[in-house]
1. At q = 0.20 Å⁻¹, what is the base-10 log of I(q)/I(0) for the stretch 312-354 according to the Debye formula with one equal point scatterer per Cα and no solvent? Please give it to two decimals.
2. Just to be sure I understand the model, the point goes 7 Å from the Cα along the line to the Cβ. What's the resulting Asp182 to Met399 distance in nm?
3. Gain in length, Arg161 to Ser445, computed as 0.36 nm per residue apart minus the alpha-carbon separation, to one decimal in nm?
4. What's the Cα-based Rg to Rh of the stretch 157-313, Rh via Kirkwood?
5. Spelling out what I want: for every residue of the stretch 362-375, take phi, set θ = phi - 60°, compute 6.51 cos²θ - 1.76 cosθ + 1.60 (Karplus), and round to whole Hz; glycine and proline get x.
6. Using alpha-carbon pairs under 8 Å, 6+ residues apart, how would you state the relative contact order of the stretch 197-353 in percent?
7. For the residue pair Asn171 and Leu88, what label-to-label distance in nm results when each label sits 7 Å from Cα along the Cα-to-beta-carbon direction?
8. What residues qualify as long-range amide H neighbours of Leu199, i.e. H under 5 Å apart, gap of 5 or more or another chain, H built at 1.01 Å from N?
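The values are calculated or read from the model by the stated rules, or taken from the named source; none is laboratory data. Values in this document were obtained by computation on a predicted structure and should not be read as measured data. Positions of Cβ are generated from backbone atoms using ideal geometry, with glycine treated the same way; all protein chains shown enter the neighbour counts. Areas reflect the complete protein model, heavy atoms only, side chains present, ligands, DNA and RNA absent. Shrake-Rupley method; radii C 1.70, N 1.55, O 1.52, S 1.80 Å.
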Amino acid sequence: MARELLDLEPLKETCENMVEENNREPILSSVADQNNQEERQHEFNNDDDDVSLLSNHSNQGVVIRKSSVLTDKRVLIGCNIVLLSIILLIILIKISNHSLFINLQSSTISDTTTTKVTIMLNQSSTTTMGAITFSPQSCPIPSVNATWNKPGVVVVNQLGRCLSNENSLCNPIDFFIDDIHDTLYVADTNNNRIQKYSLNEIYNNEVGATGITVASKGLVSPQSIFVDINTEDMYIMDLDQKQIRSPVNSLSYRVHLWKKNEKVGRILFREAGEYLFGRYFHHLTLDKEMNIYVGTRYFIKKWLKSTNYTAKVIVAGKNHFNLNGSTDLSDPVAFYVTDDLTLYIADWNNKRIQRWEVNATNGTTVIGNLTYVTGITMDCNGYLYYAEMYDSTIYQLNMKTNQSQMIVRNEDNLGKLIYYWPSAIKIDKFGNIFAMGNDQVYKFSIVKK
């Protein structure tokens with residue numbers, strides 16, 4: 001701005017020169033004698049509208065025509081108007097350029113923010129990597145009064161039949177959502193396979209989405225699945241082919257690492273289950289260090305990546321019996337791991353949700369007096385979600401206020417409950433809730449306000 005004002009100096013000097021030239025035009029006279037003075041005084045008196053009388057320090061009279069003074073003023077005013085107009089024009093141009101720069105800068109900031117949000121949406125910041133967590137500023141789920149459409153839309157297996165074709169499932173237990181690649185993986189238990197679906201697919205509403213089999217050879221009743229969203233490698237928990245006779249009526253479980261696009265997986269470890277293992281659901285997940293958590297009948301065990309999964313520690317549960325104390329678990333059918341490695345556990349037979357902090361020797365009850373809680377997950381606001389199987393309802397728990405509310409009840413347009421006995425629930429990056437039950441996968445879309 002200063003540079004532009006300096007460029008106006010020549011114009012300013014030109015105006016001053018014009019005024020100086022004009023100032024040379026007035027008639028300057030010396031008063032020599034009394035007669036001439038009287039004569040000029042007489043002229044002045046007769047034409048006082050045209051002249052003015054000034055005096056200098058030597059008492060010499062200087063007569064300046066008023067027309068010349070007015071001309072001086074007109075020249076000065078004209079020049080000043082031109083100068084002010086040019087200055088105003090420069091200011092307006094500067095403001096316009098500055099606004100354009102701000103807009104461009106805002107656009108750049110907006111683009112950068114969008115990119116970061118995209119990374120946060122697609123990359124889980126939780127230790128499980130399977131749950132999508134956002135900063136509160138970018139959370140797609142309102143912290144108050146969030147609502148979801150009902151009834152749910154059937155995404156997979158529209159007909160609800162226990163079949164083995166590409167559009168069907170048979171007694172699936174668990175599923176996983178990959179928010180980077182927009183895909184859905186299903187542990188299709190009775191079909192002994194893992195099915196993969198594209199969430200971007202435009203599918204036929206009469207049959208549902210079409211799946212492709214990404215793992216099957218050697219699998220026996222897959223119970224749970226976790227996917228590394230960076231590599232798309234799968235971790236699959238299933239039952240062993242050979243029934244173990246000691247202890248009686250118990251099965252063993254295995255965990256497979258199934259690399260992307262490979263035809264056969266590799267067994268990372270196997271272990272005999274407790275008494276009546278395999279009777280209910282069993283769950284696995286991973287933390288950020290790629291340790292594997294497995295739920296058995298009375299414990300949650302963490303198999304350590306640092307030992308190449310040859311060693312494990314018990315992180316929740318103490319006794320081998322159906323007890324309901326603070327140190328006990330009875331069929332932990334689902335659980336969720338937070339950033340600080342706190343476990344939230346759906347304690348099936350004890351009809352409660354337990355919180356078990358890292359290195360704790362006992363758990364605390366978050367909510368009790370439930371029926372049979374199955375699926376459990378958490379959103380980006382820190383609210384806990386859980387499914388009650390027998391009333392086919394999903395609840396939201398605000399752990400700050402300890403208030404629980406029903407958010408999804410699968411009712412038809414007449415308010416009649418559609419039973420589907422959910423076994424697992426997940427939330428995608430948009431805040432939509434997916435639930436599995438009745439050989440189907442349902443989607444409850446969040447209502448945008």
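1. Log10 I(q)/I(0), no solvent term: -0.60.
2. Here the answer is 3.2 nm between the modelled labels.
3. Details: separation 284, 0.36 × 284 = 102.24 nm, distance 2.37 nm.
So the extension gain works out to 99.9 nm.
4. Details: Rg = 15.9 Å, Rh = 16.2 Å.
Reported Rg/Rh (Cα atoms, Kirkwood Rh): 0.98.
5. With the stated coefficients, the stretch 362-375 comes to 7, x, 10, 7, 7, 8, x, 6, 8, 8, 9, 7, 10, x Hz.
6. Values: 328 pairs, mean separation 20.3, N = 157.
Relative contact order of the stretch 197-353: 13 percent.
7. The answer from the label model is 8.6 nm.
8. Thr183, Leu184
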